[in-house]
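The values are calculated or read from the model by the stated rules, or taken from the named source; none is laboratory data. Model, not experiment: these values are computed from the prediction. Counting neighbours? That spans all protein chains shown, and the Cβs are built from the backbone with ideal geometry, glycine included. We work out accessible area using only protein heavy atoms, side chains counted, and drop any ligands, DNA or RNA first. Shrake-Rupley method; radii C 1.70, N 1.55, O 1.52, S 1.80 Å.
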Amino acid sequence: MTGRKKLFGTNGVRGVVNDFLTPEFVMKMGMAIGTRCKGRIAVATDTRTSNRMLKDALVSGILSTGSSVVDAGVTPTPALQFFVRSGGFAGGVVITASHNPPQFNGVKFISSDGTEASKEEENSIEDTYYSGDFVRADWNGIGRFSSDESCGDRYIDAIVSRVDVQSIRKRKFHIVLDCSNGASCYTAPYLMDALGVRAATLNASPQGTFPGHESEPTPENLKDLTKTVVDTGADLGIAHDGDADRAVFVDDRGRYIPGELSLALIAREMIRSRGGGIAVVPVSTPSVVEYAIEPFGGRTVYTRVGSPVVARRMMELGAVIGGEENGGVINPEMQYCRDGGMAAAKMLEIVAHSGSLSELIDSLPEFHTVKLKVEIGGKRPEAIISEIEKNASAGKVDRTDGLKLFMDDGWVLVRPSGTEPLIRIFAESREEAKARRMAEDFRKIVEETAEKV
Ligand code: MG
């Protein structure tokens, strides 16, 4: 299929509202989804201002095919995912653009098993969208619409039943919780209450313009959180992105904890408690996860970048844990998807069982990662990467996603961006200066190669 725009990116369809993402477009997506996925479909949104407009369009499209809709309201993506699997739905749709700025929105399709759609499912929806071959029900066969407000409560109950609540309660945590004005406003404060955690909240009113800060949980956006943790002497801070599939932590010393460290910590404790097991992460993940779990019988399996890929590989391998370096933790004790609420509860359990979050973080092995991007204009990224591979001096090479070259004192990953005309470079070493030098060396190599191919 050439000439047609690819609709699905790494995590669903995303775009600027009323530009790419119009009500007409979303209604047609609803028609394609209803056609492919016959039965009851659960629908939810985050807090964005365009949600109502887009949800109504989506619902109209689905109902026209004869499939029914259960509206779960404003709720985190993982809460809807749990609702879909436990409620026996044929599928689910979340209207969300996750951590993107407020002018964006998106459509994320959830399979009947509660995981994010596979590439095959997305392609089949896309084929139907472009073919226009929609099921059109008779007037008396259109789908039924109903609402169910229990999604958030069911999600909270499920998390609470999967962690050591007694230990968490006994610890009498005092934390600061930043909901980023997103969907977690409806669940995270109540989850903390159910766990017996005293949570001072920031940006806990649902507002789709994200007035507190943009919904990506970066160190810059979480300055108020880190400051409040220090000012109030809190045990730790927790922040969620707009649709709350991610959780990012601040330790008791007010340090922003990069996602790979919180993932490594959760992975280490879960693998330690089981006496071994597999962790699944994308090839771009810093080595701290691998080195943290190895002494406890843990083995790391690397995949292509993208959380649906990680989740499905975890199912195949029966992995103990998986996730991404951005605060996305996939804990199969709960479900096979990134789940910010479950990650937060698990972290509280881990800290309740030991000292402080800062001590736990300081016990992890230290690595330094440098990330760069190089613009390549109209050049084909795969041609550039193949050329670099041909000229690379022999060493271990991994072609899972892009080109990963292992050297004596670290590794470099060169891979095309999924969305923009550029190549991303990741370099990692035990020493920061070395990582920086490796990244700069490869910037030159990519630029020079791009001129030749
Ligand atoms: Mg998200």
Self-check item: Selection from Thr65, Ser184, Pro101 lying farthest towards where the dipole of the chain points positive, charges on Cβ
Solution: Thr65
Exercise. Please report, in cubic angstrom per residue, the volume enclosed by the convex hull of the alpha-carbon atoms of the stretch 368-452.
Key: 83 Å³
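About its Cα centre, how strong a charge dipole does the chain have in debye, to the nearest 20, once Lys and Arg get +1 and Asp and Glu get -1 at the Cβ? Each step should come with its number before you reach the end.
Numbers: 54 positive and 62 negative charges, 115 e Å.
I would put it at about 560 debye.
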Quiz item: So, in nm, how far is label Asp138 from label Asp398 when the simple model puts each one 7 Å beyond its Cα toward the Cβ?
Solution: 5.7 nm
Quiz prompt | Charge-dipole axis of the stretch 329-453 as Lys and Arg at +1 and Asp and Glu at -1 on Cβ define it, positive-most pick from Ala392, Thr369, Leu405 | solution = Ala392
Quiz item: Add -39500 (n - 2.57) for each DSSP H run of 4 or more in the chain, then divide by its residues: what number comes out at 222 nm, to the nearest 500 deg cm²/dmol?
Solution: -11500 deg cm²/dmol
Quiz item: So for the pair Glu447, Arg299, with labels modelled 7 Å out along Cα→Cβ, what separation do we get in nm?
Solution: 4.3 nm
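From Cα pairs below 8 angstrom and at least 6 apart in sequence, can you work out the relative contact order of the chain, rounded to a whole percent? Working shown, then result.
Working: 1032 pairs, mean separation 55.6, N = 453.
About 12 percent, as a whole number.
Hey, what did the stretch 187-260 get for relative contact order, percent, Cα under 8 Å, at least 6 apart? Intermediate values should be presented prior to the final figure.
Numbers: 73 pairs, mean separation 15.2, N = 74.
In percent, rounded to a whole number, it is 21.
Nothing charged except the Cβ atoms of Lys and Arg (+1) and of Asp and Glu (-1): what's the magnitude of the dipole of the stretch 13-149 about its Cα centre? Round to the nearest 20 debye. Write down the numbers at each step before the final one.
On the way: 13 positive and 16 negative charges, 35 e Å.
In debye, rounded to 20, the stretch 13-149 gives about 160.
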Quiz item: Regarding the stretch 13-149, what are the three Cα extents along the principal axes, ordered largest first, in Å?
Solution: 39, 32, 28
Quiz item: In straight Cα distance, which lysines are under 23 Å from Lys223, not counting same-chain residues fewer than 8 positions off?
Solution: Lys371
Quiz item: When the accessible area of the stretch 13-149 is computed with all protein chains present and a 1.4 Å probe, what percentage of it is carbon and sulfur?
Solution: 49 percent
Practice problem: Considering the options Met334, Thr49, Ala239, tell which one lies farthest towards the positive end of the dipole of the chain, charges being +1 on Lys and Arg and -1 on Asp and Glu at the Cβ, about the Cα centre. | Solution: Met334
Self-check item: For the chain, convex hull volume per residue from C-alpha positions, Å³
Solution: 138 Å³
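To the nearest 20 Debye, how big is the dipole of the stretch 116-155 about its Cα centre, given +1 on the beta carbon of each Lys and Arg and -1 on that of each Asp and Glu?
On the way: 4 positive and 11 negative charges, 45 e Å.
The calculated dipole for the stretch 116-155 is roughly 220 debye.
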Exercise. Note the full-extension length gain between Val16 and Phe406 as 0.36 nm times their separation in residues minus their Cα-Cα distance, in nm to one decimal.
Key: 136.5 nm
Exercise. Please report the orientation-averaged projected area of the stretch 91-201, defined via the convex hull of its C-alpha atoms, in nm².
Key: 10.3 nm²
Quiz prompt | Separation of the Ser86 and Val230 label points, Cα + 7 Å toward Cβ, nm | solution = 3.9 nm
